[in-house]
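*Asks:* Attaching a single structure in structure tokens format; questions to follow.
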Amino acid sequence: MLATDMAILCFLHDLFGRELADAVTAALPGEDIRWWPDRGRPEDITHALIWRPRPGLWDGLSHLRLVCGTGAGVDHFVLDPSFPRAAKLVRQIDAGFAARMADYVLTWVLFHHRDSAHYLAAQSAGSWQPRAMRDTSATTVGVLGLGQMGGLAADRLAALGFRTLGWVQRPQTRAGVEVLVGLDGLQQLAREADILVNLLPLTPETRGILSADLFCRLKPGAILINVGRGPHLVEADLIPALDQGWLGAAVLDVFETEPLPAGHRFWADPRISITPHVSSSASAATVAGHFADAVRRERAGEPLLGLVDFARGY
Ligand code: GLV
């Protein structure tokens, strides 16, 4: 349907370059698509595809009906007081997106399970230093959050034979995964996990969950993998937890401030592995297809896939 009084606003992630813009243009033929910061008349805009809101992005969008986030996490919309709440918000739901995240988690879990940091350091020193190996069943991985991302990562860890614990808000049954709930469950997971993976959504309840208070309860030398959001981690607590030996190493894909500022202490610490918020994304074709489908459904009054519940926060 070509609707002359409706315009679409896009503000896309640099990671995709032109690919996503081209896919969106192809998926919504004949539509009036505007590219941030060129919004034209803001009151024309009814639908939007947005990576992260920029200051002023929502100003004057009085007819906005639907916002589609390009990511799985929607905290940057839900926690934004200027988000136009009359609009519906959808997030990406996609098996390929979750599979890429599971690949990232498996990469780093196996990296640590097989002592790869030790062997890289030994090679740099020109030193032959074999260590005893363990079966995957001897390593316990605790996954915080068993939603779209954490659920598949936990299933794949369990399929590789890792003892897998999952911590969730609401109890669920998951073959091969020991599901824990509540504060007691979190403390049990901390006591038992050799590797802790955070895949929780960022909400006021989960902000700062990766803190000294949790780290001091971990098995000494546990590995932290944070692929949730930067503010899940109390950054000031990380290096002291490594120095104390509560943590043996950390893998961080997300940060309080992104890009991670030059000169930040994390860059130079050999116990911390850093990737630039690339643990997963949906493909350009998937994002564009999901958005076009959401626009069509919203116009037709059909149920929206990935509709965000603001009360829950994701
Ligand atoms: C990326 O961070 C996402 O939320 O998908």
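*Asks:* Taking θ as phi - 60°, what are the ³J(HN,Hα) couplings along region 188-199 by the Karplus curve (6.51, -1.76, 1.60), each to the nearest whole Hz, with x for Gly and Pro?
*Replies:* 3J(HN,Hα) across region 188-199, in whole Hz: 5, 4, 4, 5, 9, 7, 7, 9, 10, 10, 9, 10.
*Asks:* Based solely on its DSSP helices, what 222 nm [θ] is calculated for the chain when runs of n ≥ 4 H residues each add -39,500 (n - 2.57) and the sum is averaged over all residues, nearest 500 deg cm²/dmol? Could you put the intermediate results ahead of the total?
*Replies:* Working: 10 runs with 100 residues, N = 314.
Helix contribution divided over all residues of the chain: -9500 deg cm²/dmol.
*Asks:* Using the Karplus curve 6.51 cos²θ - 1.76 cosθ + 1.60 with θ = phi - 60°, what ³J(HN,Hα) values do you get for each residue of region 231-244, in whole Hz, with x for Gly and Pro?
*Replies:* Each residue's phi maps through the Karplus curve to give x, 5, 9, 7, 4, 5, 8, 6, 5, x, 5, 5, 5, 6 Hz.
*Asks:* Taking the chain as a Gaussian network, where each spring joins two C-alpha atoms under 10 Å apart, which residue of Glu302, Glu31, Glu19 fluctuates the most?
*Replies:* Of Glu302, Glu31, Glu19, the most mobile in the Gaussian network model is Glu302.
*Asks:* Compute the projected area of the convex hull of the Cα atoms of region 1-79, averaged over all viewing directions, and report it in nm² to one decimal place. Display every interim value, and only then the final one.
*Replies:* Numbers: hull surface 21.5 nm².
In nm², the orientation-averaged hull projection of region 1-79 is 5.4.
*Asks:* Expressed in whole Å with the largest first, what are the equivalent ellipsoid semi-axes of region 66-193 derived from the C-alpha gyration tensor as the square root of 5 times each eigenvalue? List each step's numbers first, then the result.
*Replies:* Numbers: eigenvalues 232, 78, 37 Å².
Each semi-axis is √(5λ); the values are 34, 20, 14 Å.
*Asks:* Bin width 10 Å, origin at 0, all Cα-Cα pairs of the chain: what percent of pairs per bin?
*Replies:* In whole percents, the pair-distance histogram is 6, 25, 31, 21, 12, 4, 1.
*Asks:* Sticking with this structure for a sec: If you take all C-alpha pairs in region 97-274, what percent of them are over 27 Å apart? The partial results should precede the final answer.
*Replies:* Values: 3482 of 15753 pairs.
So the portion of pairs separated by more than 27 Å is 22 percent.
*Asks:* Can you work out the base-10 log of I(q)/I(0) for region 160-205 at q = 0.16 1/Å, using the Debye formula on its C-alpha atoms alone?
*Replies:* -0.44
*Asks:* So how do 176-182, 278-284 stack up, highest first, on mean other-Cβ count within 10 Å?
*Replies:* Details: 176-182: 17.0, 278-284: 20.0.
Result, highest mean first: 278-284, 176-182.
*Asks:* Further question: Which percent of the accessible heavy-atom area of the chain goes to carbon and sulfur, probe 1.4 angstrom? Present the calculation step by step, with values, prior to reporting the outcome.
*Replies:* On the way: 8000 of 14500 Å².
Answer for the chain is 55 percent, counting heavy atoms of protein chains only.
*Asks:* Find the accessible area per residue for region 38-165; the probe is 1.4 Å, ligands and nucleic acids are left out, and the unit is Å².
*Replies:* Details: 5730 Å² over 128 residues.
It amounts to 45 Å² per residue over region 38-165.
*Asks:* Here is a follow-up. Where is the GNM fluctuation largest for the chain (alpha-carbon springs, 10 angstrom cutoff): Gly126, Gly301, Gly289?
*Replies:* Gly126
*Asks:* In addition: Convex hull over the alpha-carbon atoms of region 100-155: what's its volume per residue in Å³? Could you put the intermediate results ahead of the total?
*Replies:* On the way: hull volume 4.4 nm³, N = 56.
Per-residue hull volume (Cα only) is 79 Å³.
*Asks:* Would you mind computing, in nm to one decimal, how far apart the modelled labels at Thr257 and Ala159 are, each placed 7 Å from Cα along Cα→Cβ?
*Replies:* 4.1 nm
*Asks:* In the chain, which longest range has no trypsin sites (Lys or Arg not before Pro) that are both DSSP loop (not H, G, I, E or B) and surrounded by at most 12 other Cβ atoms within 10 Å? All intermediate terms of the calculation are to be shown ahead of the outcome.
*Replies:* Details: sites that count: Arg85, Arg131, Arg134, Arg312.
The segment 135-311 is the longest one with no such site.
*Asks:* List the relative contact order of the chain as a percent without decimals, with contacts defined as Cα pairs under 8 Å and 6+ residues apart.
*Replies:* Working: 552 pairs, mean separation 53.9, N = 314.
This gives 17 percent for the chain.
*Asks:* Apply the Karplus parameterisation 6.51 cos²θ - 1.76 cosθ + 1.60, with θ equal to phi minus 60°, to every residue of region 118-126 and state each ³J(HN,Hα) to the nearest whole Hz, in sequence, with x for glycine and proline.
*Replies:* 4, 6, 5, 5, 5, 5, 4, 8, x
The values are calculated or read from the model by the stated rules, or taken from the named source; none is laboratory data. Keep in mind that what you see is a predicted model, and the values were worked out from it rather than measured. Quick reminder, even Gly has a Cβ in these numbers, built from the backbone with ideal geometry, and neighbours come from all protein chains shown. SASA here: full protein model, heavy atoms, side chains in, ligands and nucleic acids out. Shrake-Rupley method; radii C 1.70, N 1.55, O 1.52, S 1.80 Å.
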